1. With HIS66, HIS78 as the choices, which residue is over 15 Å from the mean Cα position of the chain (by Cα) and over 19 Å from PRO20 (Cβ atoms)?
2. From the list LYS64, LYS119, which one is surrounded by fewer than 11 Cβ atoms within 10 Å (Cβ to Cβ) and on the phi > 0 side of the Ramachandran plot?
3. For the range 20-40, name all the residues that are modelled with pLDDT of 95 or more and touching a Leu at 6+ places or on another chain (Cβ under 9 Å).
4. Any residue in the range 65-90 that's not assigned by TED's automatic domain parsing to the domain that holds GLY36: show its pairings with residues that are at pLDDT 90 or above and surrounded by 10 or more Cβ atoms within 10 Å (Cβ to Cβ) at Cβ separation under 7 Å, as long as the two are six or more apart or on different chains.
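The values are calculated or read from the model by the stated rules, or taken from the named source; none is laboratory data. Fair warning: this is a prediction, and the values are worked out from it, not measured in the lab. Cβ coordinates were reconstructed from backbone atoms using ideal geometry, including for glycine residues, and neighbour counts include every protein chain displayed.
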Amino acid sequence: MGMDEKKLPLKEIPAIITNPQNGQKYSRGKFLGKGGFARCYEMIDINTKQVFAGKIVPKTMLMKPHQRDKMTQEIDIHRSLSHPHVVRLDGYFEDSDNVYVLLELCARRSLMELHKRRKAVTEPEARYFTYQVFLYGCSE
């Protein structure tokens, strides 16, 4: 009897994570949160001490082709974005167990956190956030 993919045990994420393409090492820091597929940790570049938000997706969660495609599409879209009000993608890599997505670590709370905390934003808040995004886009 085969195991359901949701019941597959997740491997522990190592304290030191190495990018196999360039040998760059990151120290896994504090846990930041989790989503449907990923867990997010601080990841500290051991050489530069730069801190990232590391989105870590176990490959056991990407077994079906559409799941892998969705991950690839997310990276491609994020790579194409450049906006002061959108989290910056700093890079990504994978090893035998996980896909690692290095994102800008936001010092201030995100819109997602606000939504989770309050379940809704007011119309004036939505107008303000939309204006901030479009204002930058129109000024280029």
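1. Checking each option against the conditions leaves just HIS66.
2. None of the other options fit; the residue is LYS119.
3. TYR26
4. none
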